[in-house]
Amino acid sequence: MSKFPSEKPVLVTCGLPYANGKAHVGHLRTYVPADIFVRSLRKTGQEVTFVCGSDTHGTPIVVNAEELKTTPGELVKKYHEHFDHTFKDMGVIFDAFGTTDDPTNHERTVDIVNRLIDNDYVYPKIIEIAYCARCDRFLPDRYVKGTCPHCGEDARGDECDQGCGKHLEPGELEVPVCTICGGVAEYKEQEHYFFKLSEFKDFLLEHLKDLEGTTNARNYAIGWIKKELTDWCITRNLEWGVRFPGHDDLVVYVWVDAPIGYISFTEEWAEANNDDWEKYWKGDSRIIHFIGGDIIYHHCIFWPAMLKGAGYSQPWSVVASGMLKIENKTFSKSRGYVVWVGEDYLEHGFHADLLRYYLASYTSHTKELNFSWDVFQEKINSELVGVFGNFLYRILLFAHKNYGEIPAGNIDQEVLDKIGYTIEDTTESMENYEFKKYVDTAMSLASFGNAYFQSREPWKLIKEDKDACGKVLANCIQIAKALVILFEPVIPTKMEIAWEQLGMETDIHATPYSEAMVEIKEGTRLQKPSILFEKIEDDTTKKMDNISSERVRKAIEKECGKKEETKMETKENITFDDFMNLDLRAGTIVKAEAIKRSKKLLKLEIDLGEDIPRQIVAGIKATHDPEQLPGKQVIVLSNLEPAKLCGVESNGMVLAGVDENGDAILLAPEKKVAPGTRIG
RNA sequence: AGCGGGGUGGGGUAGCCAGGAGAUCCCGACGGGCUCAUAACCCGUAGACCGAUGGUUCGAAUCCAUCCCCCGCUACCA
């Protein structure tokens, strides 16, 4: 019942890295498993094409380039090369790694957009776009900032990043300001183009029903579609990007030309290898997308609808990886919870295969994966060094010392069976994108090998019966051969060396799983084996831990400093009268309870010396236990106009500060005072 | 609050859809053994009221109901 090898052509892609920043371990959570998957498919005899490339368009790149006083083209080139190198260094080998700014992609995007237009899936609509009169330009997405219509916080044009985090459509932002000149922007009507996504609802539901891959992707997408599908605005006012056909002032939205990169990279690969790209994108094929969990929406909804609308083949499988944590903390570049692939890992001399092993074996692909140096050390030392590496080394050294070649001896049926079952189990795991299971199953064969060797005590046998001992060794070497083949997808460069140590002269990367059952040849010369995996010392992990915590410390400092600065700058002087308008009072909390529907809010009743206690809502749930609060005194701004929060009325504001961890610190009187005591 | 995913010994997991004997495996901890090997390997021990409560059943981690908690994407953060 295995799905591979299949007669249908198989194409594997990885979500495109955005060429606007360095590669971190979070990226690898998608790329490493994809590479393992591809290598494994090839071992089943499946032909696969594996493509990826840099995502180069969109406003963040343009804005970032302007800030760095460079051009988008230069910026993109720099990071494209960075990703290309990093992936190669990590053993992630694509058949093609292009960019979405390649001419191929421009042409393919225009073709697809034209087809969508011809098929009547695109229509123009007049919408209001922020426009800066001083710069004489329209301001898409992040070129404009202003006030969020939902929460009133400062927000960027496409998203309320400081406040509620909500996605903003063009024209929604209030009090728009141009980010280039700082001048006040205005809204101006302009014609933009929309893709009729809403018409694809039935198609998408049908498509998703049969979609292979991980369930997180499918369920998530189905949920979205059932809610609502609105048409997508697919044009932007930008210089940088793919021209929208027939409109020199418009560019196609990044999320249109980015996935089309999958097609154009396939074309580039086909061009270079004299092959045919249409068998994947126009025929009955198996297109497998490896992506991060954050872009499921685009790959399961927008992308297949576009392909369908333009008459191309749709994805067969979408494999979405879970999130990455660093030292058990939510991944965050700004907070310092990040591990850069180059400067934090490879440049410290760690072997790429070790990280590949960790990523593949920590947990299942869809769950969140914690990267911790201590766990890294423990896993590498006990599993790779202790179980697997030690097995290879002890048997090869023993064989080399006592025989100098692979000794004669039939392979036990028990051993062949064990290898056979292991291959069955591992390949099945791989088909289900269960990388951890694959590794664990393979590792259990190494344990079996250790037990086999140990229980037969060849170090004693060698003195009594050299032939019987040789047979034990032959069986062990057979197990080792299978292990090296099984582990090649996960730790490819280390397995090259191991393969050589086994006296093999073929290319391990091209060796199929079936070769594991082929009996080893007695008499093959064995060189003196070298140690494959070195132990990671405590000092090393301590050093890495220090680097991490230092970065977190600096990030906190920077964050606090920044807040101080901006606050000092933005607040203008007020008059004494202004201050006297604030009615500040000391009060005693008499009752506190959590507001169920909210993560952050507590409902407080505060005695301000009035007839009945005031009901005030405060965002301190995360830091304060409601049971501990009654009796405590706080300072309240009592004449703030009432508001409803999460449906609960709030008649004032409890004053609190924020410490370096972002935790709320309640202000309190120096000593107990009568409720209602005036402050100021 | 809505949608999705998830809660099983210290960490990571299996089992759940098709309910049945002592809840699986790996790591870690502890004890012992062995010595070919990178102090590794082998054997053994402890450790889980299977998120909570109620229900169905002769029998539930597994089915049903309600609730709690964690993680994403949304709403809210006086």
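The values are calculated or read from the model by the stated rules, or taken from the named source; none is laboratory data. Quantities reported herein were computed from a predicted structural model and do not represent experimental measurements. When we count neighbours, we look across all protein chains shown, and the Cβ atoms used for this are built from the backbone with ideal geometry, even at glycine.
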*Tell me the strands (runs of 3 or more DSSP E) entirely within the stretch A:242-332 that contain at least 3 residues that are over 25 Å from the mean Cα position of the chain (by Cα) and closer than 23 Å to A:D101 by Cα.*
A:247-252
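For (1) surrounded by 24 or more Cβ atoms within 10 Å (Cβ to Cβ); (2) β-branched (V, I, T); (3) touching a residue at least 12 places away in the same chain (Cβ under 8 Å), each residue gets a yes or a no:
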{"residue": "A:A468", "(1), (2), (3)": "no, no, no"}
{"residue": "A:I479", "(1), (2), (3)": "yes, yes, yes"}
{"residue": "A:E488", "(1), (2), (3)": "yes, no, yes"}
{"residue": "A:W499", "(1), (2), (3)": "no, no, yes"}
{"residue": "A:I508", "(1), (2), (3)": "no, yes, yes"}
{"residue": "A:T511", "(1), (2), (3)": "no, yes, yes"}
*Exclusive hit being surrounded by fewer than 21 Cβ atoms within 10 Å (Cβ to Cβ) and free of Cβ contacts under 8 Å to residues at least 24 places away in the same chain, set A:G404, A:G386, A:G336*: A:G386
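Condition check ((1) within 15 Å of the chain's Cα centre (by Cα); (2) within 22 Å of A:L355 (Cα to Cα); (3) crowded, with 20+ Cβ neighbours inside 10 Å) across all residues:
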| position | (1), (2), (3) |
| --- | --- |
| A:P60 | no, no, no |
| A:E67 | no, no, no |
| A:M90 | no, yes, yes |
| A:T99 | no, no, yes |
*In the stretch A:407-449, residue surrounded by the fewest Cβ atoms within 10 Å (Cβ to Cβ) [restricted to those that are more than 10 Å from RNA strand B (Cβ to nearest atom), under 33 Å from the mean Cα position of the chain (by Cα) and β-branched (V, I, T)]*: A:T427
*Scan the stretch A:73-82 and give yes if some residue there is closer than 27 Å to A:C178 by Cα and not in a helix (DSSP H, G or I), otherwise no.*
no
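Looking at A:V25, A:V51 in this structure, which one is at pLDDT 95 or above and surrounded by 18 or more Cβ atoms within 10 Å (Cβ to Cβ)? Working first, answer last.
Values: A:V25 fails: at pLDDT 95 or above.
Within the list A:V25, A:V51, the selection yields A:V51.
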*Out of A:S382, A:S332, report the one residue that is within 30 Å of A:K554 (Cβ to Cβ) and of a type outside the set (A, V, I, L, M, F, W, C).*
A:S332
*When the stretch A:370-394 is examined, which residues are found to be more than 10 Å from RNA strand B (Cβ to nearest atom) and touching a strand residue (DSSP E or B) at 6+ places or on another chain (Cβ under 6 Å)?*
A:F371
*Would you pick out the residues in the stretch A:450-461 that are more than 6 Å from RNA strand B (Cβ to nearest atom), surrounded by fewer than 17 Cβ atoms within 10 Å (Cβ to Cβ) and in a helix (DSSP H, G or I)?*
A:S455, A:K460
*asked:* Quick check on my filter: what residues within the stretch A:207-216 are part of a helix (DSSP H, G or I) and more than 9 Å from RNA strand B (Cβ to nearest atom)?
replied: A:H207, A:L208, A:K209
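Return yes when A:K367 is among the basic types (K, R), crowded, with 17+ Cβ neighbours inside 10 Å, within 12 Å of RNA strand B (Cβ to nearest atom) and in contact (Cβ under 8 Å) with a residue 12 or more places away in the chain and no when it is not.
Numbers: among the basic types (K, R): yes; crowded, with 17+ Cβ neighbours inside 10 Å: no; within 12 Å of RNA strand B (Cβ to nearest atom): yes; in contact (Cβ under 8 Å) with a residue 12 or more places away in the chain: yes.
The answer is no for A:K367.
Considering only the stretch A:108-145, state which residues are small (G, A, S) and at pLDDT below 75.
Step one: filter the stretch A:108-145 for residues small (G, A, S), giving A:130, A:133.
Listed by number, the list holds a single entry, A:A133.
Out of the residues in the stretch A:600-626 that are in a loop (DSSP other than H, G, I, E, B) and either modelled with pLDDT of 75 or more or of a type in the set (V, I, T) (or both), which is surrounded by the most Cβ atoms within 10 Å (Cβ to Cβ)?
Kept after step one, since they are in a loop (DSSP other than H, G, I, E, B), are these residues of the stretch A:600-626: A:600-601, A:608-613, A:619-625.
Next cut, either modelled with pLDDT of 75 or more or of a type in the set (V, I, T) (or both) only: A:608-613, A:620, A:623.
On the way: A:L608: 20, A:G609: 14, A:E610: 13, A:D611: 4, A:I612: 8, A:P613: 18, A:I620: 22, A:T623: 17.
Ranking the qualifying residues of the stretch A:600-626, first place goes to A:I620.
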_When you check A:A555 against the structure, is it of a type in the set (A, V, I, L, M, F, W, C), modelled with pLDDT of 60 or more and within 16 Å of RNA strand B (Cβ to nearest atom), yes or no?_
no
*For the stretch A:627-648, which residues satisfy the criterion of being surrounded by 13 or more Cβ atoms within 10 Å (Cβ to Cβ), part of a strand (DSSP E or B) and at pLDDT below 75?*
A:L645, A:V648
*May I ask you to verify whether A:T30 is polar (S, T, N, Q), under 20 Å from A:I491 (Cα atoms) and either assigned to a helix (DSSP H, G or I) or modelled with pLDDT under 95 (or both)?*
yes
*Condition test on A:E343, is it among the charged types (D, E, K, R), outside the structural domain of A:E464 (by TED's automatic domain parsing) and near RNA strand B (Cβ under 9 Å from one of its atoms)?*
no
